[in-house]
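Peer 1: Here it is: the structure, laid out below.
The values are calculated or read from the model by the stated rules, or taken from the named source; none is laboratory data. Note that this is a predicted model, so its numbers are computed, not measured. Positions of Cβ are backbone-derived with ideal geometry, glycine not excepted, and every protein chain shown enters the neighbour counts.
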Amino acid sequence: MVEAFLAAVRSNEDLQRQMRGATTAADLAAVAAQAGLTLEPAALVKGFAQLLLESDDAMAVRNFDNLGWDMGELLWAAKTWERPDQA
């Protein structure tokens, strides 16, 4: 389903504008709904993660880098990232 979401966003400038304002997984799910797709926030996040896992190393790095995170966002992610064994 994530691939259908990506295809919809690539082909629709209105969805692209909405994506620019998305800051959470729930925001992405709302954009997906505008594209006619019913995706739960967790399914979207896990779908993107699965695409990274299925990629070769170079593509995984390119896609991660394309997220455009600045150092402050990366620091925040590093400080707040939760692991299942820490719950």
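Peer 1: Any idea which of ALA42, ALA32 is at pLDDT 95 or above, touching a Phe, Trp or Tyr at 6+ places or on another chain (Cβ under 7 Å) and in a helix (DSSP H, G or I)?
Peer 2: Exactly one of ALA42, ALA32 is at pLDDT 95 or above, touching a Phe, Trp or Tyr at 6+ places or on another chain (Cβ under 7 Å) and in a helix (DSSP H, G or I), namely ALA32.
To keep it simple, each residue is scored yes or no on (1) at pLDDT 95 or above; (2) exposed (fewer than 11 other Cβ atoms within 10 Å of the Cβ); (3) assigned to a helix (DSSP H, G or I); (4) out of contact with any strand residue (DSSP E or B) (no Cβ under 7 Å at 6 or more places or on another chain).
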{"site": "ASP14", "(1), (2), (3), (4)": "yes, no, yes, yes"}
{"site": "ALA60", "(1), (2), (3), (4)": "no, no, yes, yes"}
{"site": "ALA77", "(1), (2), (3), (4)": "no, yes, yes, yes"}
{"site": "ASP85", "(1), (2), (3), (4)": "no, yes, yes, yes"}
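Peer 1: List, please: which pairs have Cβ atoms under 7 Å, are six or more places apart or on different chains, and start with a residue in the range 41-56 that is free of Cβ contacts under 8 Å to residues at least 12 places away in the same chain and loosely packed, with under 11 Cβ neighbours inside 10 Å and end with one that is in a helix (DSSP H, G or I) and not aliphatic (A, V, I, L, M)?
Peer 2: Filtered contacts from the range 41-56: no entries.
Peer 1: Taking GLY72 as meeting all but one of (1) assigned to a helix (DSSP H, G or I); (2) surrounded by 11 or more Cβ atoms within 10 Å (Cβ to Cβ), write down the number of the exception.
Peer 2: (2)
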